[in-house]
Amino acid sequence: MEADLIVCATGRATPLGRWLAAIGAGPIAEERAECGLTHYSRHYRLRSGLVLPAGPWMLGGPRGETPGFSFAVFPGDNRTFSLMQTVRADDRALHNLHQENAFTTAASAQAPLGPFLECADPITPVRQMGRLHSQWRSLVAGGHPAVLGLHLVGDVQCHTNPVYGHGASDAVSHAHHLAQIVDQHPDLRDQALAYDVAVSTNTRTRFQVAAVEDRDRLRHWTGELTEGDITPDRSIALYQRHVIYPAAACDPILARAVCRQINLLDPGDSLQHNPEILARAARAAPHLAQPPCPPAPSCCTGLTPVTASKSGGEPLTERLGACAQTPFLPGADRHGLGPIPAPARACRCVLAVSFMLSNDHS
Ligand SMILES: Cc1cc2nc3c(=O)[nH]c(=O)nc-3n(C[C@H](O)[C@H](O)[C@H](O)COP(=O)(O)OP(=O)(O)OC[C@H]3O[C@@H](n4cnc5c(N)ncnc54)[C@H](O)[C@@H]3O)c2cc1C
């Protein structure tokens, strides 16, 4: 195909490698990491006259995690929401969550999800998303473009665990940068280098941060990392997720910094390298109190594996029932965000508003 410029926006399952090989182009710079998770999700619609259960949730719905299992609710439009449950990719015993009764049984065992299941009806089957990995690419390797007149936009350039919710914003941001760069640099080589500087450095940092969080989550879920390892020195990724994020609910400075990072306004490692953020989180940490979770064996091993039969719900309830009593975040209440001291209520409002403003901005 003859073209002045080709924008490759072919997503995660791109045929890019084949195309480059066919014209003998390369090498390109590429990094890949497995997420190690399988997500199961299902959409629901609220019954007539009912509204979404309210709660102190920063992202619109409750979330919970215990080693080996997590869940999240995502409110949608048109009176819908989706419910996602996530397990380890190698946890064969929980891999029948794609069955509707097993999915519902597991969800019912999580206290914050009960009110959601009671006020809505499923409108889709359970969808499974496995073989997840993160990947970053640049057509510029070692300072040399592997091919000219071709640009990668969106997931084909970089994608991470979808649970981080970066991809759509990134894709729009790439397109915006590319339009400017093509205007400013008529020379194809200059274009390639300028796009690499504008996009690839930023996404590579985000890829690396996501890959480390996925790795450390698995190490935590398998017991290799314990609660005592959730420190800036031993696992900054877990510290960010389990301490900095919840602490943001009580500290407007942290809230702003967290919102800026998760909404891609700041680099993916901006929290981890900011001494003020770490100091503020450390000050808040004792007030978040309580060990977040029991060790994995108490709730996630040694129980009867779930069978593929329709009656497979009981062992699953037994297995996840213990998780239901486990708080999500340090000091979590039944909604998974911790008891809310009075000043923090105001902070959560600030956080929610800030989150919306950041979204608008990006
Ligand atoms: C379960 C899930 C949840 C997500 N949640 C969020 C979220 O909350 N927030 C967020 O920002 N992002 C989220 N994402 C990520 C987001 O969906 C992607 O980052 C975004 O869709 C990427 O857009 P894209 O155009 O690069 O790729 P895609 O949307 O994958 O589009 C690529 C298109 O190219 C087509 N294609 C591929 N090869 C060819 C070919 N040879 N010829 C012609 N067409 C081809 C494909 O069929 C596809 O239509 C989520 C992703 C998943 C899977």
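Quick look at the numbers
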item	result
Loop-located chymotrypsin sites (Phe, Trp or Tyr not before Pro) in the stretch 103-168, at most 14 other Cβ atoms within 10 Å (DSSP)	none
The stretch 251-280-the stretch 11-40 distance, computed between alpha-carbon centres (Å)	30 Å
For the stretch 161-177, 3J(HN,Hα) per residue [Karplus equation, 6.51 cos²θ - 1.76 cosθ + 1.60, θ = phi - 60°, Hz, x = Gly/Pro]	2, x, 5, 7, x, 8, x, 5, 5, 4, 4, 5, 5, 4, 4, 4, 4
Convex hull per residue volume in Å³, alpha carbons only, for the stretch 1-61	248 Å³
Computed over the stretch 37-129: relative contact order in percent, which uses C-alpha pairs under 8 Å that are six or more apart	43 percent
For the stretch 37-129: rounded, prolate or oblate by the Cα gyration tensor [a/c cutoff 1.5]	prolate
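Read-outs: derived from the displayed coordinates by stated rules, not from any lab. Small disclaimer: the values here were computed from a predicted structure and weren't measured. As a convention, Cβ positions derive from the backbone with ideal geometry for all residues, glycine included, and neighbour counts pool all protein chains shown.
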